[in-house]
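Trainee: Pasting a structure here, questions to come.
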Amino acid sequence: MLTLLELTSAQRAQEQNSTRFRCHAWIGKIYEKRGWFYVHCSKCNKKVYPEQDGSLNYVCKDDDDISPKFKFFLNAIINDSTKPVDVTFFDEGMVALLKTTCAEMMTNNGYTDPKMLPKEIHDMIGKPKIMHISVRGKQYVVTNVSDPLVVHTSTDNIQQQHMGAPPPKTPNPKLNQQKRHLDESPGKHNKLNTT
Ligand SMILES: [Zn+2]
């Protein structure tokens, strides 16, 4: 488990000898205007677009009689109080977060506008999760999301951290003097000097 600050510090991330990490974090902001899903062709996997008539018929410029495949895809900022980080949520990550597929979200809840963020997604803002993050070049991709095991103890820990550890005990100067006095036997000094 890394903090987001550690994740984005290249050196720290490279020490782990991996490109996949887990971070305790929450969604701070969603770039709603960039859309929250995309649709691709069942035959060639390219992006497809709805017909101009406003219906939900999707056409591929290369293939006929396709069935559209709906996938979550959204950009967001996640945060963990060390550093906010721009991430991309892939379909797997959003399915794990929302526990529903993109097609279900669209057909069951009637969300068909890519620029209209569903309430179910918006409600995830601020909820602490374990984000499984894959580093791809300079891009951070959330490929999976799981729930923290015990949420309430982590807030206890934060409170304890705020209270701080007790200050270190100042050494008693009298004790030190006494100790030094006892250690300073002439014989010992001579021995040290000769060796
Ligand atoms: Zn196609």
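Bear in mind these aren't lab numbers, they're just calculated from the coordinates by the rules spelled out. These figures come from a predicted structure and were not determined experimentally. Cβ coordinates were reconstructed from backbone atoms using ideal geometry, including for glycine residues, and neighbour counts include every protein chain displayed.
Trainee: Under 12 Å from the 7 Å Cα→Cβ point of residue 1, by amide nitrogen: which residues of the stretch 123-148?
Mentor: What the label zone holds, given the 12 Å backbone N cut-off, is 129-131, 147-148.
Trainee: Take the cross-link list 83/115; 29/99; 71/127 and give me the ones stretching past 24 Å between alpha-carbons.
Mentor: Pairs exceeding the cut-off: 83/115.
Trainee: How would you rank 4, 56, going from fewest to most other Cβ atoms within 10 Å of each one's own Cβ?
Mentor: Ordered by Cβ neighbours within 10 Å, fewest first: 56, 4.
Trainee: With a ≥ b ≥ c taken as the square roots of the eigenvalues of the C-alpha gyration tensor of the stretch 50-99, please select rounded if a/c is under 1.5 and otherwise prolate if a/b is larger than b/c or oblate if it is not?
Mentor: prolate
Trainee: Next question. Which shape class, rounded, prolate or oblate, goes with the stretch 1-133 when its Cα gyration tensor gives a ≥ b ≥ c as root eigenvalues, a/c under 1.5 marks rounded, and past that a/b bigger than b/c marks prolate?
Mentor: Prolate, because a/c is 1.5 or more and a/b exceeds b/c.
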